[in-house]
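Have a look at the structure below before the remarks.
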Amino acid sequence: MSVEYEPVIGLEVHAQLLTRSKIFCGCSTVFGEEPNTLTCPVCTGQPGSLPVVNRKAVEFAIKLGLATHCRIAPYSLFARKNYFYPDLPKGYQISMYEHPLAEDGFIEISVDGKKKPIKIIRIHMEEDAGKLKHGETPETASFSYVDFNRTGVPLVEIVSGPDIRSPMEAGDYLRKLRAILQYLEISTGNMEEGSFRCDANVSVRAKGQNEFGTRTELKNMNSFRHVEKALEYEIRRQITILQDGEEVVQETRLWDVDQAITVSMRGKEEAHDYRYFPDPDLVPLRIDESWVEEIRRDLPELPEDKKDRFVNKYKIPEYDAEILTSTKALANYYEECVRLFPEAKTVSNWMMGDLLRELKRDEREIDQCPVTPQHLAEMLAMIKEGTISGKIAKDVFEEMYQTGERPGKIVRDKGWTQILDTREIEKAIEKAVQGNPKLVEDYRQGKERLFGFFVGEVMKETKGKANPKLVNELLKEKLKAKGKV
Ligand SMILES: [Zn+2]
């Protein structure tokens with residue numbers, strides 16, 4: 001009898017906070033500057049220097065705690081996490097351990113159309129480490145370089161509960177979390193620049209079993225797709241081990257993008273390996289209830305609320321609302337378009353179809369879209385008024401996307417206006433009928449499928465611009481009429 005297995009996944013996300021200065025000093029957090037130009041005695045750990053916590057960073061972390069339904073701790077404490085690595089000038093990282101800033105919240109994802117809360121165990125603040133760069137040319141191959149610009153950049157670490165049951169759920173959770181960070185405008189959520197990093201704890205167990213299996217920790221996944229792929233691979237690997245009657249080893253494994261496998265990196269690490277202790281240079285963080293309330297009052301509308309509002313206000317399906325609120329910019333685009341052309345479902349259809357398809361193909365975000373909400377609304381109005389057909393509109397949209405031009409100008413320049421003038425259509429029908437007397441006779445004898453042929457002739461004559469509905473009506477009338485052609 002074969003056992004059915006289920007994966008148990010928990011995620012740890014590090015997100016960079018969008019403050020202008022670092023977490024414990026005044027150095028700039030700008031990305032991409034010359035190495036080691038954004039440093040000072042504090043972030044390079046010189047003896048005698050003292051860290052001072054950045055109030056803005058704390059405010060941002062509280063925002064995230066509130067947005068994920070966490071309890072904000074009135075008292076939290078920075079601790080030293082000791083380990084030696086060349087990118088860590090102090091020999092320890094300032095983080096939070098026993099007393100994190102926020103605890104016990106959740107983020108909702110949708111699974112099979114139902115809402116599923118994923119527990120947030122804790123959110124804590126910490127400083128980032130520097131960046132190692134290994135020599136890439138033959139001359140420098142034996143060297144490693146270190147850049148301390150990133151050292152001391154403020155991070156929040158968000159630790160989920162082991163509530164995730166598939167790689168797809170993991171992807172949904174990450175997208176939701178990133179959307180929340182972006183809605184709050186406290187992080188770019190950019191994975192390529194390392195502003196949003198994810199490690200995953202994964203184990204498998206027989207379905208119905210309560211205890212967790214032995215887990216491994218996955219690292220080095222720098223896109224949502226890689227997270228999903230790495231999890232899929234690791235789940236398969238662990239199931240195979242169990243099926244062979246072997247045991248999974250608790251360890252840290254790296255995702256190897258090129259080979260699409262996970263490889264062992266190091267054995268298990270326990271918290272005591274880091275010898276955490278309270279940082280004596282920093283006073284405990286005492287957070288006033290009133291400050292928390294002030295921040296709560298100023299929270300913007302968050303993805304989940306916006307989605308519910310879209311469903312209620314615009315009467316669009318939940319599926320549409322989920323996608324349209326996936327980023328704030330996309331949601332704004334939608335609302336602006338609906339304001340100008342108040343047919344909510346039509347707008348949604350065009351955005352979810354043509355618009356997002358083009359953007360995805362070009363790997364562009366909505367704020368890089370050459371078609372403005374004004375232009376899209378104008379085009380939809382032209383369809384509604386019958387100036388262009390729905391079919392021609394597809395070409396108009398493509399042209400708008402390529403050139404950034406207004407639809408009115410495109411239609412005029414290309415001569416794509418739909419023919420609604422019945423006299424003009426009748427003229428084309430007359431020509432089609434006159435030119436094919438034999439076929440008209442056949443049609444009248446009962447060969448009804450010839451109708452399509454005549455429609456085709458009329459369309460050819462009008463270069464595809466005749467209103468199809470009018471062509472159908474007028475052509476039927478004409479062919480029905482008795483008498484000589
Ligand atoms: Zn500094």
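Quick notes on this structure:
Matching residues to (1) outside any loop (DSSP other than H, G, I, E, B); (2) surrounded by 18 or more Cβ atoms within 10 Å (Cβ to Cβ):
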residue	(1), (2)
V156	yes, yes
A170	yes, yes
Y173	yes, yes
R178	yes, yes
L181	yes, yes
I186	no, yes
N190	no, no
R197	yes, yes
S203	yes, yes
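- Residue match in region 88-96 (condition: in contact (Cβ under 8 Å) with a residue 12 or more places away in the chain, closer than 20 Å to R122 by Cα and either touching a Leu at 6+ places or on another chain (Cβ under 6 Å) or within 16 Å of the ligand (Cβ to nearest atom) (or both)): yes
- Sub-7 Å Cβ pairs linking a first residue in region 269-296 that is at positive phi to a second residue that is surrounded by fewer than 17 Cβ atoms within 10 Å (Cβ to Cβ) and among the polar types (S, T, N, Q), at least 6 apart or interchain, are R275/N82, ordered by first then second residue.
- Scanning region 448-462 for residues that are over 12 Å from N436 (Cβ atoms) and free of Cβ contacts under 8 Å to residues at least 12 places away in the same chain yields E448, R449, G452, K460.
- Residue list for region 8-49, restricted to those being in contact with a Phe, Trp or Tyr (Cβ under 9 Å, 6 or more places away or on another chain) and on the phi > 0 side of the Ramachandran plot: N36, G45
- Tabulated pairs, region 149-161, first touching a residue at least 40 places away in the same chain (Cβ under 8 Å) and within 16 Å of the ligand (Cβ to nearest atom), second aliphatic (A, V, I, L, M) and not in a helix (DSSP H, G or I), C-beta under 6 angstrom, 6+ apart or interchain: N149/L38; G152/I23; P154/L17; P154/I23
- Residue satisfying condition, being farther than 21 Å from W350 by Cα and not polar (S, T, N, Q), within set K447, K394, K409: K447
- Leading residue by the ranking (nearest to the ligand (Cβ to nearest atom)) among those in region 46-59 that are part of a helix (DSSP H, G or I) and touching a Ser or Thr at 6+ places or on another chain (Cβ under 7 Å): A57
- Within region 315-343, residues that are in a helix (DSSP H, G or I) have Cβ atoms under 6 Å from residues that are of a type in the set (F, W, Y) in these pairs: A321/F310; L324/Y334; K328/Y183, counting only partners at least 6 apart in sequence or on another chain.
Per-residue answers, yes or no, for (1) touching a residue at least 60 places away in the same chain (Cβ under 8 Å); (2) out of contact with any Asp or Glu (no Cβ under 7 Å at 6 or more places or on another chain); (3) within 28 Å of Y183 (Cβ to Cβ); (4) within 16 Å of the ligand (Cβ to nearest atom):
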position	(1), (2), (3), (4)
A15	yes, yes, yes, no
R20	no, yes, yes, yes
S28	no, yes, yes, yes
G32	no, yes, yes, no
N36	yes, no, no, yes
P41	no, yes, no, yes
T44	yes, yes, no, yes
A61	yes, yes, yes, no
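- Per the conditions (1) under 21 Å from I388 (Cβ atoms); (2) assigned to a helix (DSSP H, G or I); (3) touching a residue at least 24 places away in the same chain (Cβ under 8 Å), the sole criterion not satisfied by K478 is (1).
- G105 passes every criterion in (1) within 16 Å of the ligand (Cβ to nearest atom); (2) in a strand (DSSP E or B); (3) touching a Cys at 6+ places or on another chain (Cβ under 9 Å) apart from (1).
- Residue match in region 132-145 (condition: charged (D, E, K, R) and buried (at least 17 other Cβ atoms within 10 Å of the Cβ)): no
- Complete set of residues in region 3-13 that are in a loop (DSSP other than H, G, I, E, B) and either of a type in the set (A, V, I, L, M) or near the ligand (Cβ under 10 Å from one of its atoms) (or both): V3
- Qualifying position, being touching a strand residue (DSSP E or B) at 6+ places or on another chain (Cβ under 8 Å), loosely packed, with under 12 Cβ neighbours inside 10 Å and within 30 Å of I94 (Cα to Cα), among R253, R286: R286
Bear in mind that the values in this text are calculations on the coordinates, not laboratory data. Keep in mind that what you see is a predicted model, and the values were worked out from it rather than measured. Cβ sites come from the backbone with ideal geometry, for glycine too, and all protein chains shown count toward neighbours.
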